[in-house]
Ligand code: PMP
């Protein structure tokens, strides 16, 4: 590797030492060394606008989170078989943001672990094993969760009892309204339930990201999927609300995705934004649902809910409230979409601009009339944006939806920079 530039060298070294499974972003991957708010810097001191990070959700290197972690780390960190007051205070605080029926919580380290536990708890409670999930869903990396993450089709074997349904595509479905897409989706859920009941597999329930992130970001109108959830409950299933993406104020209108979607879940899983980069995650539950599992089985998670993890999580919750970040997400997200919509007048590739709060999907199309998705343009656009130091990515079944999901610390003053980069990138591509 002698004589190669440092980035090429680091790519070669990664492949040699880390193996071939990891995927990096970009044809020319970025090496970030420092971050503040919604901004990050590479080793050469170039500054980037970060539009693809719900991990440092309250802002890169937020001083309050750093201080909380440092303080607790210098006091004590240990496994989770001892009493500690912070875990109870935080549990109460987080549960107070949820419906009163959801009144117990367990702590783990990743979204994958939270969903793994939720699938097990749900199976125990219902006695069924057949879940419904959406076509492009990703819920995590354990064997059980991978088998319920249809986006991994081809790479992983799906659970034989899993029923996969399309997401409610508010851009292309029904009568063009969120209500139309909601009614369409309720019918898909009804079909899946009927299929499960006819097969004798035993209905476990629905695992759902209420923002349909990897399906293409379909937040629709609040309440769009509530009728489908009622149907799941009426047939004895449980609903796992995977809040790894929409949770912690991101949608601006509500603190939780399920709250925006206007239903009460049986199990709520959280992850990424919960600790601003410190690994902490959770599974909250309705007591009777959890007890079917917890009264029967012990569960141990060495790092899950340790004092440092809980300190990070508490600091995040406090910062969201103290800095009014949910409200900021609502307002700045609105400005962002309005500004991107103005570009639709000059760039026909911008087919649809949708979202809520700091969660925006921009559909990239080759024909706006026909709404033809263009993965080729979307992928080139990512590289153009990267060259203009704006970091983002794509999602959806065709990888044609630009996903704008910055830290909640993204401000009004960051909007023009994004819009200029987007405008220049689309112009460079001639779309
Ligand atoms: N659920 C959703 C909706 C996710 O987006 C992810 C991560 N991309 C996960 C679960 C898994 O979380 P983790 O990577 O922390 O295990």
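Just so it is clear, none of the values below were taken in a lab; they were calculated from the coordinates. Treat the numbers as computed from the prediction; the structure is a model and nothing was measured. Don't worry about glycine lacking a Cβ; one is built from the backbone with ideal geometry, like all the others, and counts go over all protein chains shown.
Here are the numbers for the structure shown:
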| quantity | calculated |
| --- | --- |
| The chain - share of DSSP beta bridges that are antiparallel (%, nearest 5) | 65 |
| Mean shadow area of segment 1-128 over all directions, Cα convex hull, nm² | 13.2 |
| Spin-label model distance (nm) - residue 103 vs residue 46, 7 Å beyond Cα toward Cβ | 5.5 |
| Between segment 112-144 and segment 18-57, the Cα center-to-center distance that results, in Å | 30 |
| Contact order relative to length of the chain, as percent, for alpha carbon pairs under 8 angstrom and 6 or more apart | 21 |
| Translational D in µm²/s for the chain (Stokes-Einstein at 4 °C, 1.567 mPa s, Kirkwood Rh from C-alpha pairs) | 58 |
| Additional length obtainable on full extension of the chain from residue 166 to residue 321, 0.36 nm per residue less Cα span | 52.3 nm |
| Extension reserve of the residue 334-residue 226 stretch, reckoned as 0.36 nm per residue once the Cα distance is removed | 36.5 nm |
| Protection proxy ranking of 38-48, 270-280 - average other beta-carbon atoms within 10 Å, highest first | 270-280, 38-48 |
| Radius of gyration, Dmax [segment 160-304; alpha carbons; angstrom] | 16.0, 50 |
| Relative contact order [Cα under 8 Å, 6+ residues apart], segment 77-171, whole percent | 21 |
| Segment 188-261: proportion of alpha-carbon pairs further apart than 22 angstrom, % | 26 |
| Theoretical gain in end-to-end length, residue 233 to residue 199 [0.36 nm per residue, Cα-Cα removed] | 10.4 nm |
| Mean ellipticity per residue at 222 nm, deg cm²/dmol - from DSSP H runs of n ≥ 4 across the chain, formula -39500 (n - 2.57) | -12000 deg cm²/dmol |
| Rel. contact order, % - alpha carbon contacts under 8 angstrom, at least six apart, segment 1-135 | 10 |
| Viscosity 0.890 mPa s, 25 °C: Kirkwood-radius Stokes-Einstein D of segment 40-86 over Cα pairs, µm²/s | 180 |
| Relative packing of 339-348, 182-191, which averages over residues the other C-beta atoms within 10 Å, highest first | 182-191, 339-348 |
| Ordering of 374-383, 52-61, 237-246 by packing [mean C-beta count within 10 Å, highest first] | 237-246, 52-61, 374-383 |
